[in-house]
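One structure below.
Any read-out appearing in this document is the output of simple, stated calculations on the displayed coordinates, not a laboratory observation. All values reported here derive from a predicted model rather than from experimental measurement. Neighbour counts run over all protein chains shown; Cβ positions are idealised from the backbone, glycine included.
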Amino acid sequence: MTNLTLPGFGPEPPKDMDSLKKQAMTCTKCRLSETRTRVTWSMGDLHSPLMLVGQGPSVTDDTTGLPYSGPAGEVLDAVLAAAGLSRAMIYLTNCHKCVARQKNDPANVRSATKAELSACKEWLDGEFQLVKPKVLVCLGAAAAVWLLERAFDFEKQRGEWVQGPFNTRAMATYQPTYSTRIREHDPEKADQIHRALIEDLKKAAAALG
Ligand code: SF4
């Protein structure tokens, strides 16, 4: 993810998180604004050295305005706890802030397009500039490919440290719900993924020193 000057903010970083959030709440920079209930903003410690970034809001998040507020959030809370972390210790956000609904099945989400991600980059850049994390964890392949550049190979590089945006030490790990989705068909692999996700989060916590 290339670090760009923030449109609307000039060469200076945004003033504070409240003003950044206030502007984002009414954002109509991409078509996701047409189908959202509300903008899903971030949560957690605004001064945390550890930032976790998922791909985008779930349908539940679209109603609460909070990231990882539905079933995915329950899994995230469990793996954070297993790694000795909690939401209060991290800064949690998403690459895009409005739910990306499937056109013919609005109860389910789709991957955001590059145009939608690019439009929303202004807000995420602002969050990076204000929080100034040392360590970045990308939750899932889509977030990793967007944040760590498109050449990132999730299968080969998951759990490895790489250079991230805004001078972060970055790592990609599994999307919290991935193991849940495959458990019915492949419980053994689901267990492996769940354990790997916890180990990755432990590494991220340890990297903070
Ligand atoms: S997804 Fe981001 S850029 Fe698109 S409307 Fe929502 S806040 Fe704006």
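Brief remarks on what is shown
- Condition check for Asp153: crowded, with 22+ Cβ neighbours inside 10 Å, of a type in the set (D, E, K, R) and either within 23 Å of Val39 (Cβ to Cβ) or out of contact with any helix residue (DSSP H, G or I) (no Cβ under 7 Å at 6 or more places or on another chain) (or both): no
- Considering Leu130, Leu124, Leu147, the condition of being more than 19 Å from Val79 (Cβ to Cβ), out of contact with any strand residue (DSSP E or B) (no Cβ under 8 Å at 6 or more places or on another chain) and not hydroxyl-bearing (Ser, Thr, Tyr) is satisfied by Leu130 alone.
- Across the range 28-72, the qualifying residues are those that are surrounded by fewer than 20 Cβ atoms within 10 Å (Cβ to Cβ) and part of a helix (DSSP H, G or I), and the one among them that is nearest to the ligand (Cβ to nearest atom) is Ser33.
- Of the residues making up the range 121-142, those that are among the basic types (Lys, Arg) and not in a helix (DSSP H, G or I) are Lys132, Lys134.
- Whichever residue in the range 73-117 is without any contact (Cβ under 8 Å) to a residue 60 or more places away in the chain and basic (Lys, Arg) and, among such residues, is farthest from the ligand (Cβ to nearest atom): Arg87
- Residues within the range 150-190 that are over 29 Å from Gly126 (Cβ atoms) and either touching a residue at least 12 places away in the same chain (Cβ under 8 Å) or part of a helix (DSSP H, G or I) (or both), tallied: 11
Rundown of residues vs (1) buried (at least 20 other Cβ atoms within 10 Å of the Cβ); (2) under 18 Å from the mean Cα position of the chain (by Cα); (3) closer than 25 Å to Val109 by Cβ, yes/no style:
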site: Gln157; (1), (2), (3): no, yes, yes
site: Gln163; (1), (2), (3): no, yes, no
site: Asn167; (1), (2), (3): no, yes, no
site: Ile182; (1), (2), (3): no, no, yes
site: Lys189; (1), (2), (3): no, no, yes
site: Arg195; (1), (2), (3): no, no, no
